[in-house]
1. Could you grab me the full set of residues in the stretch 130-177 that are within 21 Å of residue 116 (Cβ to Cβ) and touching a residue at least 60 places away in the same chain (Cβ under 8 Å)?
2. Inspect all residues belonging to the stretch 224-247 and state whether any of them is touching a strand residue (DSSP E or B) at 6+ places or on another chain (Cβ under 7 Å), at pLDDT below 85, farther than 28 Å from residue 153 by Cβ and assigned to a loop (DSSP other than H, G, I, E, B).
3. Provide a single number: the residues in the stretch 55-73 that are modelled with pLDDT of 85 or more, surrounded by 12 or more Cβ atoms within 10 Å (Cβ to Cβ) and closer than 16 Å to residue 104 by Cβ.
4. Going through 98, 116, 84, 121 one at a time, which residue ends up being under 18 Å from residue 186 (Cα atoms) and either surrounded by 15 or more Cβ atoms within 10 Å (Cβ to Cβ) or not assigned by TED's automatic domain parsing to the domain that holds residue 68 (or both)?
5. Any residue in the stretch 187-204 that is in contact with a strand residue (DSSP E or B) (Cβ under 7 Å, 6 or more places away or on another chain) and either within 30 Å of residue 89 (Cα to Cα) or outside any helix (DSSP H, G or I) (or both)?
6. For the structure I just gave you, tell me whether residue 219 is surrounded by fewer than 18 Cβ atoms within 10 Å (Cβ to Cβ) and either within 25 Å of residue 179 (Cβ to Cβ) or modelled with pLDDT of 75 or more (or both).
């Protein structure tokens with residue numbers, strides 16, 4: 001019994017072993033064959049896999065759409081490409097390619113009168129968020145070019161979603177709108193953390209999403225988003241500078257019935273979440289309006 005206790009006390013703790021391994025390995029860096037050979041070997045592996053006729057077809061054919069049996073092969077090859085991306089620039093190029101591919105897939109489905117479901121919309125949204133995120137790691141000149149290309153792809157994406165909502169049934173539309181609400185919150189959080197230049201690039205994205213959630217048409221003129229209010233609202237189409245500007249102008253046009261408000265301070269991401277709450281027209285409905293303040297916070301006004 002005493003020997004067992006001594007053995008247990010003498011056995012190195014896992015924390016000690018982990019710290020020792022860290023001190024022994026990391027000061028010497030990664031071996032050269034890991035830094036250089038492994039990415040090359042990975043690319044050669046992908047090339048070998050794609051050399052097979054089936055893989056090439058699955059990866060590149062426009063006939064391989066989400067309902068095709070080989071579509072999972074395409075997704076697997078894309079994940080392998082992401083894993084072996086050897087630089088942020090390479091990864092950014094890849095994420096843009098995947099985003100454009102998702103949009104193209106949906107456009108082909110629309111042309112061929114195939115059903116575009118919420119899962120297809122979500123796939124596009126995920127690709128766009130990945131493309132936006134990797135842009136944060138690029139140097140300024142490349143970052144600007146990357147953001148402009150992602151914004152252009154997002155415009156195609158937004159127009160397609162609008163067409164899907166126009167053609168879809170109530171059940172499908174409700175699912176898509178829930179996805180859009182979640183996406184708007186996620187994008188709001190991302191854009192809130194960006195520098196001023198990147199924020200300006202993606203501001204139109206948020207305005208378009210907010211207008212679509214309000215079921216208001218929009219158009220692009222001279223790089224600005226013009227929102228077209230409903231016919232029963234006495235206001236001309238206008239180009240809001242932000243989501244908050246959109247809400248404020250609608251309030252001034254007496255879109256909402258205002259009463260004494262409860263004020264508080266919320267962040268930009270909370271703005272998008274509350275802005276997108278469904279509206280059923282009931283008298284007990286809570287509608288949230290926001291006005292920008294100098295400290296980049298927002299004054300919350302809740303009306304019933």
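1. Correct list: 155, 177.
2. Within the stretch 224-247, none of the residues are touching a strand residue (DSSP E or B) at 6+ places or on another chain (Cβ under 7 Å), at pLDDT below 85, farther than 28 Å from residue 153 by Cβ and assigned to a loop (DSSP other than H, G, I, E, B).
3. 6
4. Details: 98 fails: under 18 Å from residue 186 (Cα atoms); 116 fails: under 18 Å from residue 186 (Cα atoms); 84 fails: under 18 Å from residue 186 (Cα atoms).
The conditions single out 121.
5. First, the residues of the stretch 187-204 that are in contact with a strand residue (DSSP E or B) (Cβ under 7 Å, 6 or more places away or on another chain): 204.
This time we only want the ones that are either within 30 Å of residue 89 (Cα to Cα) or outside any helix (DSSP H, G or I) (or both), so: 204.
Yes.
6. For residue 219, the condition - surrounded by fewer than 18 Cβ atoms within 10 Å (Cβ to Cβ) and either within 25 Å of residue 179 (Cβ to Cβ) or modelled with pLDDT of 75 or more (or both) - is met.
The values are calculated or read from the model by the stated rules, or taken from the named source; none is laboratory data. This one's a predicted model, so the numbers in the text were calculated from it and none came from an experiment. Note: ideal-geometry Cβ built from the backbone for every residue, glycine included; neighbour counts use all protein chains shown.
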